[in-house]
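I have placed the structure first, in the form of structure tokens, so that the comments after it can refer back to it.
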Amino acid sequence: MTELATAAEPTAIKETASLAAPSSIDEPSSIERKSAMRLAILEGPILPTLLKLALPTLTVLLAQTAVNIVEAFYVGFLGTQALAGIALVFPVFMLMMTMSGGGLGSGVASAVARAVGRGQKDDADALVLHAIVLAVIVGAVFTLGVIWGGPTMYHLLGGRSKALAAALTYSDNLFAASIAVWVVNLLAAALRGSGNVKVPATVTLIGALVMIPASPALIFGFGPIPRMGIAGAGFAFAIYYGVAMLALLAYMATGRTGLTLKFAPLERRLFADILKVGLPTALNTVQTNLTVILLTGAVGLFGTSALAAYGIASRFDYVMTPILFGLSSAVLTMVGVNIGAEHVARARQITWVSTLVGVGITETIGLIVAIFPSLWLNLFSHDPSVVGPAATYLHVVGPAYGLLGVGFVISFAAQGASHVLWPFLGVTARMVVAAGLGWIAVKFFGAGTFGLAAIVASSFAIYASICAVVMTSRTVWRR
């Protein structure tokens, strides 16, 4: 399809009704809402538009995080061995979630956002089918890979005896739903890229409301539901994503979401448009989670209690992820649409404003948890051998969360602009410092929790510094 040469002109920007409408039977009010959102992204006040896009996603992702916290809380009643088991699986689980939501998902959202900015509605719709094809392929790889390689991987990470058995049981049930997870997350990314945050937010929120009571019912048993133990936690997750996938596919086929799922010829150029952002960004998420996996393995050298301590402390690192992702996914959409419409100066301004917001939120939360770590740690354990080292970690790492916010927000802005070099280098440097130096410090120099936490905090500073180069790059901010 030939690009619309006048996409950046005000008159063309305002002619959005036909581009936003999924079908000729849409209600006028629905068309007007979609047109108004696109116009707000291109011309409206930055902060209110950013918050309008970010808050629904942020709210439901926090609800989803609450599900993970509640699940770990319930598993804590099964004992330290079970808690250590889910600590082994959690980095691999987060690898799948961040790869699908913020890795290839960012590639999908960026491609859709730029297509919308250029006014190419047919391409935006076609990208939905291409995203589903990628989701099925990569999801199947995850399921087979974890089931086949799980025993060796969790053993290498320090899993032994009952902790290893718990990890394998939980993992097998959890990753049985990998394809469903990938389909749901890539469809949600496509919708966010088009400016529709309501539908993916609603699906995730409903899932969180269902999972909170379903997880303990399956773990401990309730009425006719048998007690499944740690397997129940993974099984509840698999059920939710299976149902969510079917519901989202059916709804998007109606076209009422603003993007329409329909069969069309697969095109290499559309896969390329997704993957040129998605592959490097997915590699970033691999490196980020590999950092946690390697650090988990290093801490595992000190035994089960230390493993449980690092598991619950580093889990707070992942609490930052949905907060930053909710904000940054809105940044990606706004930057992508403006880059597609050649509003480059505005795209850069959006990035500055969003970075300040991200730092303010994450630094405030980091300082609170650094000063009062028991607010978080006592949700999972009261064992002094677990809580003590975990508190030390949060004392040191908490004040550095603002630096994590800098790197995260700028990375997503760069993805929206279809430039991923500096975020990739930032994540790579972070992995080398945190995982590489962290492993060496623990393995060969006997560094304790304080030393390891200091290295992790330093890696955040290096990550932020490298990603900040994006803001001065003429390559990124050009027409």
Val396, sole failed condition from (1) in contact with an Asp or Glu (Cβ under 9 Å, 6 or more places away or on another chain); (2) surrounded by fewer than 22 Cβ atoms within 10 Å (Cβ to Cβ); (3) in a helix (DSSP H, G or I):
(1)
So Ala434 clears everything in (1) surrounded by fewer than 24 Cβ atoms within 10 Å (Cβ to Cβ); (2) assigned to a helix (DSSP H, G or I) except one condition, right? Which one?
(1)
Only one of (1) in a helix (DSSP H, G or I); (2) on the phi > 0 side of the Ramachandran plot; (3) not basic (Lys, Arg) fails for Gly158. Which number is that?
(1)
Please give the number of the condition Gly149 fails out of (1) closer than 29 Å to Phe380 by Cβ; (2) touching a residue at least 60 places away in the same chain (Cβ under 8 Å); (3) in a helix (DSSP H, G or I); (4) not polar (S, T, N, Q).
(2)
Are there any pairs with C-beta distances below 6 angstrom linking a residue in the stretch 111-131 that is more than 18 Å from Ala40 (Cβ to Cβ) to a residue that is among the aromatic types (Phe, Trp, Tyr) and surrounded by fewer than 24 Cβ atoms within 10 Å (Cβ to Cβ), with the two at least 6 apart or on different chains, and if so which?
His130/Phe271
Checking the structure you have, find out if any residue of the stretch 263-276 is exposed (fewer than 15 other Cβ atoms within 10 Å of the Cβ), within 16 Å of Val112 (Cα to Cα) and of a type in the set (Asp, Glu).
yes
Go over the candidates Ser385, Ser418 one by one and state the one that is modelled with pLDDT under 95, at positive phi and surrounded by fewer than 24 Cβ atoms within 10 Å (Cβ to Cβ).
Ser418
Any idea which residue in the stretch 322-357 is surrounded by the fewest Cβ atoms within 10 Å (Cβ to Cβ), counting only those that are in contact with a Ser or Thr (Cβ under 7 Å, 6 or more places away or on another chain) and at pLDDT below 85?
Ile323
Check on Ser178, under 25 Å from Ile219 (Cα atoms), among the small types (Gly, Ala, Ser), in contact (Cβ under 8 Å) with a residue 40 or more places away in the chain and surrounded by 20 or more Cβ atoms within 10 Å (Cβ to Cβ)
yes
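The values are calculated or read from the model by the stated rules, or taken from the named source; none is laboratory data. Every value quoted in this text rests on a predicted model; they were computed, and no experiment measured them. Glycine gets a Cβ as well: all are built from the backbone with ideal geometry, and neighbour counts include every protein chain shown.
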